[in-house]
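The values are calculated or read from the model by the stated rules, or taken from the named source; none is laboratory data. Remember, predicted model here, so these are calculated numbers, not experimental data. Glycine gets a Cβ as well: all are built from the backbone with ideal geometry, and neighbour counts include every protein chain shown.
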């Protein structure tokens, strides 16, 4: 009974969140048409600034940069820990990698603003970027999700039966061929789930993109410019200055509902991928 109550509590909380978001979002869309919401500019003469497409562009841009960094590094770390590291090295390397997941996101935000942008991007790489930009936010966002990708992928690869490795080596394959052509495909469902979970976390991250990404709605695809994301918009706008029930107040819930839908779709895709490529041993 206690376990059933625990499971149903999680479900009830999920539906409670949906219910809390839907009502203000409904009032927003009664006042602002969907066409104005999914527009590229706020210039509609209503007082409210409803354009959400620039927020989607900023969210997508920073997320792609984050995945471009986190997926190769995370999978490389997972392959080393699973297939090459000695038990002694694995014992201290894996907890060290997972420590990155425990760093507060606001610390990552300061790291992006005061080190990555001025030292790495403008100094070492010589890029012409603004003080706040998508490059900095995306790269540090990628560093934050490396532990998620690496740890879960390593767990999936370690779960592959040793007999598959032994059979591959017996057929004349070397360790790298065994890793890439036997272990990796066998653990593909777990690896895909790890990547999608990292993607979900990147889409929902707030502090890094708020501090380092900027507060400008921007349709440009130039990562050197400031870009506001959906989570950044919610964090910047929700400061208690908007009267309850106003269009600006209700727009926070409309953007939150859109973010919820996007995250739900990502998780649904993850579940379908896992079910399609899952292999039982």
Tally the residues that are within 20 Å of residue 21 (Cα to Cα) and in contact (Cβ under 8 Å) with a residue 24 or more places away in the chain, restricting the search to region 202-245. 13
Count - residues of region 93-112 that are surrounded by fewer than 13 Cβ atoms within 10 Å (Cβ to Cβ) and not in a helix (DSSP H, G or I): 1
Restricting to region 113-133, give me the number of residues that are exposed (fewer than 12 other Cβ atoms within 10 Å of the Cβ) and not in a helix (DSSP H, G or I). 3
List the helices (runs of 4 or more DSSP H) inside region 180-281, counting only whole elements, that have at least 3 residues being over 30 Å from residue 48 (Cβ atoms). 188-204, 247-277
Can you find a residue in region 189-200 that is under 11 Å from the mean Cα position of the chain (by Cα), in contact (Cβ under 8 Å) with a residue 24 or more places away in the chain and within 17 Å of residue 140 (Cβ to Cβ)? yes
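Among the helices (runs of 4 or more DSSP H) confined wholly to region 1-92, which include 1 or more residues that are modelled with pLDDT of 90 or more and surrounded by fewer than 14 Cβ atoms within 10 Å (Cβ to Cβ)?
2-31, 53-79
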Taking region 161-174 and keeping only residues that are crowded, with 17+ Cβ neighbours inside 10 Å and either at positive phi or at pLDDT 95 or above (or both), one is left with none
Surrounded by 19 or more Cβ atoms within 10 Å (Cβ to Cβ) and either more than 17 Å from residue 77 (Cα to Cα) or out of contact with any strand residue (DSSP E or B) (no Cβ under 7 Å at 6 or more places or on another chain) (or both): does that describe residue 158? no
